2 protein chains.
Amino acid sequence: MKKAVILSSGGLDSTTCMAVAVSQGFEPIALSFDYGQRHQVELQAAQKVGDHYGVKNHFVTPISLFRDIGGSALTDDIEVPKGESVGDIGDDIPVTYVPARNLVFLSMAVGVAETQGASDIFIGVNALDYSGYPDCRPEFIEAFAKTASIATKVGVEGDSLTIHTPLIDLTKAQIIELGASLDAPYHLTHSCYAPTEADESCGQCDSCLLRLKGFADAGLSDPIEYAKS
Amino acid sequence: MKKAVILSSGGLDSTTCMAVAVSQGFEPIALSFDYGQRHQVELQAAQKVGDHYGVKNHFVTPISLFRDIGGSALTDDIEVPKGESVGDIGDDIPVTYVPARNLVFLSMAVGVAETQGASDIFIGVNALDYSGYPDCRPEFIEAFAKTASIATKVGVEGDSLTIHTPLIDLTKAQIIELGASLDAPYHLTHSCYAPTEADESCGQCDSCLLRLKGFADAGLSDPIEYAKS
């Protein structure tokens, strides 16, 4: 059984990615990051999703760098925007962008892949809903795959690493339809950037708005609970 | 004053890199990694070298990933080879190769550069003495620089990141001559892969042999102490 490393954040996108990888016959190896985000509930969700799929090797690696260097509303004291219309997202680089995040995450996935004997990596980047993030663009993924192949033993031996981005051209609604068709365990996932103290999703931040709009557009109901406002 | 991020390991090469960056008029920002190596003495050396150059922002970031995933004599229980002739180095990928290390290190340097307003990164990779490491090859650095520019705000705004590799074509002797000509503080550096309990260099591992041969070829004496064998 071919192995694949799946970047798993416990959110909708990475969970859909894992569902896709499993449906394609890959044995999933999960890699999650604790990069100093405000919400540890994400990591718990990632663990639950991994358990759901019987993941044997789930690497959870702390990264303090993003908090140390700052520069993002997700790791810093910049206020996470609430209540903006979803249409505004993507015009500029959002304040929730974490510098070099996907570059660092994918690089670490390459290390895991090399030592685990995998030459496939799945990442749930999406160029539509997150067009403001430079490291979610297809040209980045393409360039990275080439670089990673050159950087590793796999490349020296004439093979190459494949970076799978099954969601890159999908709208959030299409992602949710895809996941639902594969029975992705969305009830275990977490998306909110600004959860309450009881870990309930706020229903108002960019990430919640995108998620809720996605379920609505797909004609499905979101199985998670939201805080009463 | 333009800023540059210098990957600093406390060894000869990164110290020479910092000397070069400073001589070119860059304000140095240092980035060091605690990636579970056996020898914390490396990090102490990196700190001393940074202090020598008056570095204001020295990021030291722990990375447990390399130890978690294994696959290298530097982070794993594989024995570090001793007493091999230096000529043997580079024929194959050495056991001291850490999968995806430079890929991860450079990616993190990109995050630091982006948040610190730097668009220059210095890394002391060397394609001659370490030809066995896939991620020390010029084609890797070239591919990475392109990828990193695409991945970040700098690239979106039409600029690009520059990865400086002033040592890439130099022999160890030439590196040492270059550093000596710039008064690099080699007395503060550490290279040994297998130091004694008192943190003395063994004088027998690949890294010590390369270092000693480098000083000998340059006609200079190595200012550090070695363990009596």
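Is it the case that some residue within segment A:147-163 is part of a strand (DSSP E or B), closer than 23 Å to residue B:108 by Cβ and modelled with pLDDT of 90 or more? Within segment A:147-163 (the criterion being part of a strand (DSSP E or B), closer than 23 Å to residue B:108 by Cβ and modelled with pLDDT of 90 or more), the answer is yes, since at least one residue qualifies.
Taking the condition more than 10 Å from chain B (Cβ to nearest Cβ), at pLDDT 75 or above and surrounded by fewer than 20 Cβ atoms within 10 Å (Cβ to Cβ), does residue A:127 pass? Spell out the reasoning first.
Numbers: more than 10 Å from chain B (Cβ to nearest Cβ): yes; at pLDDT 75 or above: yes; surrounded by fewer than 20 Cβ atoms within 10 Å (Cβ to Cβ): yes.
Against the criterion (more than 10 Å from chain B (Cβ to nearest Cβ), at pLDDT 75 or above and surrounded by fewer than 20 Cβ atoms within 10 Å (Cβ to Cβ)), residue A:127 qualifies.
Looking at residue B:67 and the list (1) assigned to a helix (DSSP H, G or I); (2) at pLDDT 95 or above; (3) not aliphatic (A, V, I, L, M), which single condition is not satisfied? With (1) assigned to a helix (DSSP H, G or I); (2) at pLDDT 95 or above; (3) not aliphatic (A, V, I, L, M) applied to residue B:67, the lone miss is (2). A Cβ distance below 9 Å, combined with a sequence gap of six or more or placement on separate chains, defines the contacts here; from segment A:49-60, residues that are basic (Lys, Arg) reach residues that are buried (at least 16 other Cβ atoms within 10 Å of the Cβ) in the pairs A:56/A:27; A:56/A:28; A:56/A:29.
Take residue B:7 and decide whether it is over 16 Å from the mean Cα position of the chain (by Cα), within 14 Å of chain A (Cβ to nearest Cβ), among the hydrophobic types (A, V, I, L, M, F, W, C) and under 20 Å from residue B:107 (Cα atoms). No: the conditions fail for residue B:7.
The set of residues in segment A:86-124 being buried (at least 24 other Cβ atoms within 10 Å of the Cβ) and modelled with pLDDT under 85 consists of A:98, A:99. For segment B:179-206, the set of residues classified as touching a Leu at 6+ places or on another chain (Cβ under 7 Å) and among the hydrophobic types (A, V, I, L, M, F, W, C) consists of B:180 only.
Could you list, in sequence order, all residues of segment A:164-174 that are assigned to a helix (DSSP H, G or I) and either within 15 Å of the chain's Cα centre (by Cα) or not polar (S, T, N, Q) (or both)? If the condition is that a residue be assigned to a helix (DSSP H, G or I) and either within 15 Å of the chain's Cα centre (by Cα) or not polar (S, T, N, Q) (or both), then A:172, A:173 are the ones that fit.
In segment A:37-54, the qualifying residues are those that are out of contact with any Ser or Thr (no Cβ under 8 Å at 6 or more places or on another chain) and at pLDDT 95 or above, and the one that is surrounded by the most Cβ atoms within 10 Å (Cβ to Cβ) is A:53. For residue A:149, the requirement of being without any contact (Cβ under 8 Å) to a residue 40 or more places away in the chain, touching a helix residue (DSSP H, G or I) at 6+ places or on another chain (Cβ under 6 Å), within 30 Å of residue B:137 (Cβ to Cβ) and within 14 Å of another protein chain (Cβ to nearest Cβ) is met.
Please enumerate the residues belonging to segment B:171-204 that are closer than 17 Å to residue B:40 by Cα and buried (at least 17 other Cβ atoms within 10 Å of the Cβ). Once the filter is applied, which keeps residues that are closer than 17 Å to residue B:40 by Cα and buried (at least 17 other Cβ atoms within 10 Å of the Cβ), segment B:171-204 yields B:188, B:189, B:190, B:191, B:192, B:193, B:194, B:195, B:201, B:202.
For segment B:175-199, give me each residue that is in contact (Cβ under 8 Å) with a residue 40 or more places away in the chain and assigned to a helix (DSSP H, G or I).
Step one: filter segment B:175-199 for residues in contact (Cβ under 8 Å) with a residue 40 or more places away in the chain, giving B:175-180, B:182-186, B:188-195, B:199.
Across segment B:175-199, the qualifying residues are B:175, B:176, B:177, B:178, B:179, B:180, B:186, B:188.
List every residue pair whose Cβ atoms lie under 6 Å apart, where the two residues are 6 or more positions apart in sequence or sit on different chains, the first residue falls within segment A:100-116 and is within 7 Å of chain B (Cβ to nearest Cβ) and free of Cβ contacts under 8 Å to residues at least 12 places away in the same chain, and the second residue, located anywhere, is surrounded by 24 or more Cβ atoms within 10 Å (Cβ to Cβ) and assigned to a helix (DSSP H, G or I). Cβ pairs passing all conditions: A:111/B:69; A:115/B:69.
For the condition within 7 Å of chain B (Cβ to nearest Cβ) and under 30 Å from residue A:220 (Cα atoms), what is the one hit in A:169, A:135?
Working: A:169 fails: within 7 Å of chain B (Cβ to nearest Cβ).
Answer to the check: A:135.
Residues of segment B:200-229 that are of a type in the set (Ser, Thr, Tyr) and in a helix (DSSP H, G or I): B:207 alone.
Exactly one condition in (1) in contact (Cβ under 8 Å) with a residue 12 or more places away in the chain; (2) within 14 Å of chain B (Cβ to nearest Cβ); (3) surrounded by fewer than 20 Cβ atoms within 10 Å (Cβ to Cβ) is false for residue A:218; which is it? Here residue A:218 meets the rest and fails (2).
Only one of A:175, A:168, A:150 is in contact with a Phe, Trp or Tyr (Cβ under 7 Å, 6 or more places away or on another chain) and β-branched (Val, Ile, Thr). Can you tell me which? Quick ask: steps written out before the conclusion?
On the way: A:175 fails: in contact with a Phe, Trp or Tyr (Cβ under 7 Å, 6 or more places away or on another chain); A:168 fails: in contact with a Phe, Trp or Tyr (Cβ under 7 Å, 6 or more places away or on another chain).
Among A:175, A:168, A:150, only A:150 is in contact with a Phe, Trp or Tyr (Cβ under 7 Å, 6 or more places away or on another chain) and β-branched (Val, Ile, Thr).
The values are calculated or read from the model by the stated rules, or taken from the named source; none is laboratory data. For clarity, every value in this text was computed on a predicted model and none was experimentally measured. Reconstructed Cβ throughout: ideal geometry from the backbone, glycine too, with neighbour counts over all protein chains shown.
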